[in-house]
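The block underneath contains the structure these notes are about, expressed in structure tokens.
The values are calculated or read from the model by the stated rules, or taken from the named source; none is laboratory data. Bear in mind that the values here come from a model prediction, so they are computed numbers and not experimental data. Cβ placement follows ideal geometry from the backbone for every residue including glycine, while neighbour counts extend to all protein chains displayed. Accessible surface areas use protein heavy atoms only, side chains included; no ligands, DNA or RNA. Shrake-Rupley method; radii C 1.70, N 1.55, O 1.52, S 1.80 Å.
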Amino acid sequence: MDYSQLIAKRKDRFRELEEAVGDPALFDDQKRATEILREHRKLQQTLELWDTLQSTEIQLKENQELAKSDDPEMAEMAAMEIPDLEESLVKYREDMQYALLPADPNEDRDALVEIRAGAGGDEASLFAGEVLRLIQRYADAKGWKTEHLESSPSEVGGFKEVILKVTGDEVFRHLKYESGVHRVQRVPATETQGRVHTSTITVAVLPEAEDVDVELRQEDLRIEVCRSGGAGGQHVNTTDSAVQIFHLPTGLYVRCEHGRSQTKNKEMALQIMRTRLYEKKLQEQQAVYSENRRSLIGSGDRSEKIRTYNFPQSRCTDHRIGYTSHNLDAIMGGDLGEMTEQLMKHEMADRLAEAGM
């Protein structure tokens, strides 16, 4: 495929961004500066990839010519390099296709991760805690920051529900594949007969909403202050620090009592409410697409069973793409890299087919 016209447009845009980056007034608007720097970095990577692709094509042609040389030693050396060059070229062309696809406008956003225990009682709540730690370790490895926003601990040390905020570079792009039902199969510590039990948890990864995405009108909200309860230390029972917010038009409800400060809890609750409303907005937009355009991978469908963690067999299977890893310990330790890469490849293949590329 001839990418020259697409590359020419990106070079024009890159020159515009270069001027914007050099403007001393750029950081007068922090949000605009962040967006410009992010786009500048991505375009720079795309253009560097284009240069690498072109130079590799030239080198391959030169080696193919040299392989026909009358000098046997020169011809042999050139021929030996050809397979590696051809392999690199396939990868660069594939990466180039992906780079030229229209970007998901949400992929650069931070994310809120909501984990809820499902079927399985105590065992489900324990697994919810383990998946929380899995995501935190994955975030640490990616250099992201995590912030515990809200939780409802279970009596056995797990979580009935927990909400985590993850901030960093392209957080939603990588974490969105975790949305759905996660199934665990193992022998619980309380099982005396050694029988394998099946439990489930639900994970929802939401792109964090910004003020411009969702308007929270005061008349649409009912904000109540109440006494905190449950685990969390004695201080939570001494003040009315918990905040609950009702969004009257949709019936959505958020409660925050994790922080010591009523003000902090209100900020958290509004942040979660804004993000849930944004998710609802995205789902409504997605519903207008035809079925063949709504890929399950990365769709964020909470009701879909996406993955099974089988502890007796040390096996983790992602049902959306039929991918199985037999290194469950590494995955539970936060090593989601290979799994996420496979999911990305499948989603990109679907998007390329859809775009006719």
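Go through K9/K61; K31/K281; K11/K165; K11/K68; K281/K305; K9/K305 and tell me which ones have a Cα-Cα distance over 32 Å in this structure.
K11/K165; K11/K68; K9/K305
Taking all pairs of different Cα atoms in the range 1-95, averaging 1/r and flipping that mean, what Kirkwood radius in angstroms comes out? Walk me through the numbers before you get to the answer.
Working: mean 1/r = 0.0627 Å⁻¹.
Here the Kirkwood hydrodynamic radius works out to 15.9 Å.
When the dipole is taken about the Cα centre of the chain, and only Lys, Arg (+1) and Asp, Glu (-1) are charged at their Cβ, what size is it in debye, to the nearest 20?
1900 debye
Hey, quick one: spin label on A353, modelled 7 Å out along Cα-Cβ, who in the range 305-323 has an amide N within reach, i.e. under 18 Å?
Residues 319-323 fall inside that zone.
Nearest-5 percent of antiparallel DSSP beta bridges in the chain?
Of those bridges, close to 90 percent are antiparallel.
Given N residues in the range 65-212, what is Rg(Cα) / (2.2 N^0.38 Å)?
So the Cα radius of gyration is 1.64 times the expected 2.2 N^0.38 Å.
Using a 1.4 angstrom probe, figure out how much accessible area the chain has per residue, in square angstrom, rounded to the nearest whole.
Using a 1.4 Å probe on heavy atoms only, each residue of the chain averages 54 Å².
Test of understanding: what is the full-extension gain from E155 to E81, defined as 0.36 nm times their sequence separation minus their Cα-Cα distance? Working shown, then result.
Values: separation 74, 0.36 × 74 = 26.64 nm, distance 6.22 nm.
20.4 nm is the gain from fully extending E155 to E81.
Any idea how far apart D2 and I58 come out in nm if each label point goes 7 Å out from Cα toward Cβ?
2.0 nm
Full-extension gain between K305 and H197, please, as 0.36 nm times their residue separation minus the C-alpha to C-alpha distance.
Numbers: separation 108, 0.36 × 108 = 38.88 nm, distance 1.67 nm.
Separation in residues times 0.36 nm, less the Cα-Cα distance, equals 37.2 nm.
Can you send over the carbon and sulfur percentage of the accessible area for the range 14-122, probe radius 1.4 Å, protein chains only?
50 percent
How long is the gain from T190 to K345 if the chain were fully straight, where each residue apart is worth 0.36 nm and the alpha carbon distance is subtracted?
51.8 nm
Just to be sure I understand the model, the point goes 7 Å from the Cα along the line to the Cβ. What's the resulting D28 to A103 distance in nm?
Computed distance between label sites D28 and A103 equals 2.4 nm.
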